[in-house]
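Notes follow once the structure below has been shown.
The values are calculated or read from the model by the stated rules, or taken from the named source; none is laboratory data. A quick note: this is a predicted structure, and the numbers were derived from the prediction, not measured. All Cβ positions, glycine included, derive from the backbone under ideal geometry; neighbour counts span all protein chains shown.
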Amino acid sequence: MKQKILRATKILKKGGLIGFPTETVYGLGADALNNKAVLKIFSLKKRPKFNPLICHFNNIKQIKKNAILSKKALKIAKEFWPGPLTLILKKRHNTKISNLVSAGLNTIACRIPSNLIALKILNEFNGIIAAPSANLSSKLSSTTAKHVKKNFGKKIYLIDGGNTKYGIESTIIDLSNKTPSILRPGIIHKKDIIKILPNIIYKKKNKENIKSPGQLKKHYSPNIPIRINIKKVKNNEVLLNFGKNNLKSKIKELNLSKKSNLEEAAKNLFNYLHILDNKKYDAIAVAPIKNKGIGIAINDKLKRASFNE
Ligand code: TXA
Ligand code: MG
């Protein structure tokens, strides 16, 4: 692994792209200070340039040099970093992070991942890695190296770190406004955050945050249609089940968690959607999933995945 980490670091320094595991999903990384490298991310992912990227750091000190961390922000950072949390912070004027990363906004999305391979790369690179999820824009996220390969083949240097621990993207909290808000639900949920930020709210949809495709209605989509909260599976539909019930598919079924465990369901979500996403089938029918805790993040993703323009 040491050799692979050295190779990945070398590629980053030369302005190339890497695929690497984090505890949430795989990331597609580039040197955040290098405009050309960052542009490659947008073009390879076919990502609209107005959709900003997350910066990955290896310590809080490094973040402080580039963004403003209030006392509150520091408290939340110390509670959840390293881990599946992203904070939107005001950018420092003297930061060298490419403007393309934050799509011209005066904020940056910061995260310290807990995955050991990710941390080792960050350590060795001794810089900042801009990395969105390693999938084509608006498509299913990658939770295994195989998924990343399916998306980008040999165009990037990929480090295989096995299945990701949590399976869904980091929770995003916007701390750049007076009232802190959750922009994207994730593994760390409101119940945990509210202890430190009692006035935290879920960001309401408005024209302004539609600018961020993570918040756009259509996202995380398989190639075949997906129906959620189903009561009955139709002919030629495959079933993505949850818990114990009477639902049945005549073709194929995968159960996110037979024990109705939401952590287990999150971990399996994208992998099972990748498996069921086959043009042989008419659609993926998804059983109802309880809308509590991590279930909120799972349902948020399924809703966007099932959205039809
Ligand atoms: O778990 C994760 O967060 C993964 C791993 C690889 O770290 N990354 C990830 O990145 O999910 P991505 O690009 O797929 O999602 C980033 C989201 C997007 O919805 C983007 O619009 C939002 O973060 N974002 C980034 N910078 C922002 C900013 N300055 N203000 C508001 N939203 C921002
Ligand atoms: Mg993404």
Pairs returned, first residue in segment 128-139 that is under 15 Å from PRO48 (Cβ atoms) and near ligand 1 (Cβ under 9 Å from one of its atoms), second residue that is of a type in the set (Asp, Glu) and assigned to a loop (DSSP other than H, G, I, E, B), beta-carbon separation under 9 angstrom, 6 or more apart or interchain, are SER133/GLU169
Pick from LEU89, LEU74, LEU100: which is more than 16 Å from ligand 2 (Cβ to nearest atom), in contact with a strand residue (DSSP E or B) (Cβ under 6 Å, 6 or more places away or on another chain) and not polar (S, T, N, Q)? LEU89
Could you please let me know if LYS120 is at pLDDT 95 or above and assigned to a loop (DSSP other than H, G, I, E, B)? no
Can you find even one residue in segment 153-175 that is part of a helix (DSSP H, G or I), closer than 30 Å to ILE5 by Cα and not small (Gly, Ala, Ser)? yes
Any chance SER98 is of a type in the set (Gly, Ala, Ser), more than 16 Å from SER170 (Cβ to Cβ) and buried (at least 17 other Cβ atoms within 10 Å of the Cβ): yes
When segment 254-294 is checked residue by residue, the ones that are crowded, with 20+ Cβ neighbours inside 10 Å, under 19 Å from the mean Cα position of the chain (by Cα) and of a type in the set (Gly, Ala, Ser) are ALA265, ALA266
Residue that is more than 16 Å from ligand 2 (Cβ to nearest atom) and assigned to a helix (DSSP H, G or I), where the choices are ILE41, ILE5: ILE5
Just wondering, is there one or more residues in segment 55-69 that are part of a loop (DSSP other than H, G, I, E, B) and at positive phi? no
Kindly indicate whether LYS231 is at pLDDT below 95, basic (Lys, Arg) and more than 16 Å from ligand 1 (Cβ to nearest atom). no
Condition check: in a loop (DSSP other than H, G, I, E, B), within 19 Å of the chain's Cα centre (by Cα), more than 25 Å from LYS10 (Cβ to Cβ) and touching a residue at least 24 places away in the same chain (Cβ under 8 Å). Does PRO113 satisfy that? no
